[in-house]
Amino acid sequence: METAAWILVIFLSTALFLFIVVGIVLLIKLIDFTKEAKKIVVQSQDIAEKADDIVGNVRDMTTVGGLVKHFVNAYTESEAEKTSSTKKGKKS
C-alpha cells in the first residue's frame, strides 16, 4: 500500500476508536441520568399524593358538606355511646 492509504487508514481507525469511547462514556452518563430522573419522579409523585391528601382534608373542613358530615358523625357517635351505656345500666 502507498503511504497516503496508510495515513488514511490510521486516521479513520483513530477516529472510529475515539467515537466508540465517547459513545460508551455518554451511554454510561445517560444511564446514570435516567436513574436520577426516576428518583426525582418517584419523589414528586409522593409529594403530589401528600398534597392531594392535605387538599382533601382542608376541603372537608371548609365546605358546608364536610362540616355537616363532621357534626353528624360526632352526634351519632355520642348517641351511640349514650345508648350503649344505657343498655349496660339496665342489664345490671
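Numbers for the structure displayed
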{"quantity": "Output for region 48-57, where each listed residue is open to solvent by 80 Å² or more (accessible area, probe 1.4 Å) and of a type in the set (A, V, I, L, M, F, W, C)", "calculated": "54, 55"}
{"quantity": "Odd one out for residue 45, checked against (1) open to solvent by less than 100 Å² (accessible area, probe 1.4 Å); (2) modelled with pLDDT under 95", "calculated": "(1)"}
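The values are calculated or read from the model by the stated rules, or taken from the named source; none is laboratory data. Everything numeric in this text was worked out from a predicted model, so none of it was measured. Heavy atoms of the whole protein, side chains included, go into the accessibility calculation; ligands, DNA and RNA do not. Shrake-Rupley method; radii C 1.70, N 1.55, O 1.52, S 1.80 Å.
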